[in-house]
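Just below is one structure, and these are the notes that go with it.
What follows draws every value from the coordinates through simple rules; no lab data is involved. Because the structure is predicted, anything quoted here is derived from the model rather than measured. Ideal geometry is used to build each Cβ from the backbone, glycine not excepted, and the neighbour counts take in all protein chains shown.
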Number of protein chains: 2
Amino acid sequence: MDEAQHRKGILFVMTGASGVGKDTIRRAALPAIDGMVYSISATTRGRRPGEVHGEQYYFYDRTTFEGMIERDELLEYADYVGDYYGTPSLPVRQAMDDGSDVLLELELVGAREVKRKIPEAVMLFIAPPSLYELERRLRGRGTDSEAKIQKRLARARDEIRAVREFDYAIVNDVLEDAVGLFTSIIRAERARASHLQDSDVADFLREQG
Amino acid sequence: MDEAQHRKGILFVMTGASGVGKDTIRRAALPAIDGMVYSISATTRGRRPGEVHGEQYYFYDRTTFEGMIERDELLEYADYVGDYYGTPSLPVRQAMDDGSDVLLELELVGAREVKRKIPEAVMLFIAPPSLYELERRLRGRGTDSEAKIQKRLARARDEIRAVREFDYAIVNDVLEDAVGLFTSIIRAERARASHLQDSDVADFLREQG
């Protein structure tokens, strides 16, 4: 296929509270979805044992990161507990230009920023069945302090109130159902007639075997 | 649940050439999809042995049908080989008001008319892998005269050229894949955040067990 005929990739942005199961859904769904790149974030936080630059994160020092901010090389970024986190534009745009779809996992503020810059991004919200259930899950993990749990719940509340800004809402009640719906949404979005290339339509119209 | 809280049903319109597999896809997919009503057309053509009013078609005489046209009781209609075929509005709108999704199978002209009247209708186009393959299938059925085959192919060509008017394109190459994609599109459309009711958002925000 001619490079120029490649369809441009679709950008999917997934948002949802800590503990709602975003990572679990993604890890369960992506192996069965071809041609989808999961975007790796950049951060200034220290590298933990076993972490590799370009796998868990792109690890940069503050000077480098602030240079990227100044040169507008990030789709979005945030300062979180003293460290920067952000999404480098170039790998996302390159993957899309090559025809790969890209998945970002972002907080609400970052998701809004990406939608502002790339309006055709498809926005997915992962909702808990209830904040009660989310709290139960957060406590079940046993990793967060009470203060941190309360902070996560407050953020979840704000994000849920913004759910109608998103294109799709996936309620993660039964994980298997949420994974199935996530996959269905990606398949459906890929089947949008607006993504058809002239070569696709020419194929449909072909009269010779 | 309070009647007033029911989400309104979604209208799906499926279009595609004769022989492309619309009926086969629908019959394979619908049993696994809850809450979907397949809309029955009205016609003035004679009832064939075994056909029941309200099952294959609503059978009306010409005077009755023309009265429905005059009273604007049809979402769309066409005069085809001397008989009227059309979609009564009332059962479609009632089902949607009751919260059921509705599926219509329509020719391009009727599909456009429905989209004009109900802009939120979700438009699905079933495309053949090629006109060559469609012709092979039509000949394989062995039911149509050469003239009829040529007429169907000419209509298919016109419809394919309009594929970008639709929301989704499903290529019916491998039937199982087409059925899966059809089902995925319906599931995805049902998960649109715009369909969320206030009660759904209240559920997500609920803090008590």
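What FRET efficiency comes out for residue B:173 versus residue B:146 if R0 is 22 angstrom and r is the Cβ-Cβ distance? Round to the nearest 0.05.
Working: r = 25 Å, r/R0 = 1.16.
Efficiency at R0 = 22 Å is approximately 0.30.
How much length is gained on full extension from residue A:72 to residue A:158, taking 0.36 nm per residue of separation minus their Cα-Cα distance? List each step's numbers first, then the result.
Details: separation 86, 0.36 × 86 = 30.96 nm, distance 2.76 nm.
Answer, rounded to one decimal: 28.2 nm.
So what's the back-of-envelope 222 nm ellipticity for chain B, counting only DSSP H runs of four-plus at -39500 (n - 2.57) apiece and dividing by all residues, rounded to 500? Don't skip to the answer; put the middle values down first.
On the way: 8 runs with 87 residues, N = 209.
After summing the helix terms and dividing by residue count, I get -12500 deg cm²/dmol.
How well do other chains shield peptide B:193-205, expressed as the mean number of their Cβ atoms within 10 Å of each residue Cβ? Don't skip to the answer; put the middle values down first.
Working: counts 13, 5, 3, 7, 0, 0, 0, 4, 6, 2, 8, 18, 10.
What the average comes to for B:193-205 is 6.
Residue by residue, what Karplus-based ³J(HN,Hα) values in Hz, rounded to whole numbers, does the range B:91-102 have, using 6.51, -1.76 and 1.60 with θ = phi - 60° and x for Gly and Pro?
Running phi through 6.51 cos²θ - 1.76 cosθ + 1.60 with θ = phi - 60° gives x, 5, 5, 5, 4, 5, 4, 7, x, 7, 7, 10 Hz.
Using +1 on the beta carbon of Lys and Arg, -1 on that of Asp and Glu, and nothing else charged, what's the dipole of chain B about the Cα centre, debye to 20?
On the way: 30 positive and 37 negative charges, 183 e Å.
Rounded to the nearest 20 debye, it is 880 debye.
For the range A:85-125, count the residues as N, evaluate 2.2 N^0.38 Å, and divide the Cα radius of gyration by that value, please. Please list the in-between numbers first.
Working: Rg = 10.1 Å, N = 41, 2.2 N^0.38 = 9.0 Å.
It is 1.12.
Taking a cut-off of 37 Å, what percent of all Cα-Cα pairs in the protein assembly as shown are separated by more than that? Don't skip to the answer; put the middle values down first.
Numbers: 30258 of 87153 pairs.
Counting every Cα pair in the protein assembly as shown, those more than 37 Å apart make up 35 percent.
Of A:191, A:208, A:104, which is farthest on the positive side of the dipole of chain A, counting Cα position, with +1 on Lys and Arg Cβ, -1 on Asp and Glu Cβ, and the Cα centre as origin?
Farthest along the dipole direction, towards plus: A:104.
Can you list the copy-to-copy distances for residue A:8, using a point 7 angstrom from Cα toward Cβ, in nanometres, shortest first?
In ascending order, 3.2 nm.
Provide a whole-number value for the mean count of partner chain Cβ atoms within 10 Å of the Cβ atoms in peptide A:168-179.
Working: counts 8, 9, 3, 5, 0, 0, 0, 0, 0, 1, 0, 0.
If you average over the peptide's residues, the count of other-chain Cβ atoms is 2.
Per-residue counts of other Cβ atoms within 10 Å, averaged by peptide: what ranking do you get for A:49-62, A:100-113, highest first? Intermediate values should be presented prior to the final figure.
Values: A:49-62: 11.9, A:100-113: 20.6.
In decreasing order of mean packing, A:49-62, A:100-113 become A:100-113, A:49-62.
Taking every residue in A:182-189, how many Cβ atoms of other protein chains lie within 10 Å of its Cβ, on average?
Values: counts 2, 3, 11, 7, 2, 8, 13, 4.
Mean inter-chain Cβ contacts per residue within 10 Å come to 6.
How far apart, in nanometres, would the label points at residue B:116 and residue B:6 be if each is projected 7 angstrom from Cα along the Cα-to-Cβ direction?
Each label point is offset 7 Å from its Cα along the Cβ direction, giving 2.9 nm.
Which ³J(HN,Hα) values, rounded to whole Hz and listed in residue order, are derived for the range B:110-127 from phi using the Karplus coefficients 6.51, -1.76 and 1.60 in 6.51 cos²θ - 1.76 cosθ + 1.60 with θ = phi - 60°, glycine and proline given as x?
Values, residue by residue: x, 4, 5, 5, 5, 4, 5, 7, 10, x, 7, 4, 9, 9, 10, 10, 9, 9 Hz.
Place the label 7 angstrom along Cα→C-beta at residue B:27 and in each other copy, then list the distances from the first to the rest in nm, shortest first.
Between copies, matching label points for residue B:27 lie 4.4 nm apart.
Taking the Cα centre of the protein assembly as shown as origin, work out the dipole magnitude from +1 charges on Lys and Arg Cβ and -1 charges on Asp and Glu Cβ, in debye rounded to 20. Walk me through the intermediate numbers first.
Values: 60 positive and 74 negative charges, 60 e Å.
Its charge dipole is roughly 280 debye.
Compute the label-point distances linking residue A:192 to its equivalents in the other copies; points lie 7 Å from Cα along Cα→Cβ; give nm, one decimal, shortest first.
1.2
What ³J(HN,Hα) values, in whole Hz, does the Karplus curve 6.51 cos²θ - 1.76 cosθ + 1.60 give for the range A:149-160 when θ = phi - 60°, with x put for Gly and Pro?
4, 5, 5, 5, 5, 5, 5, 4, 4, 5, 5, 4
For chain A, report the % of Cα-Cα distances exceeding 24 Å. Before the final figure, lay out the partial values.
Values: 10523 of 21736 pairs.
When every Cα pair of chain A is considered, 48 percent fall beyond 24 Å.
Please report the net charge: other residues with Cβ closer than 10 Å to the Cβ of residue A:80, K and R +1, D and E -1.
On the way: positive: A:45; negative: A:79, A:83, A:107.
Net of charged neighbours comes to -2.
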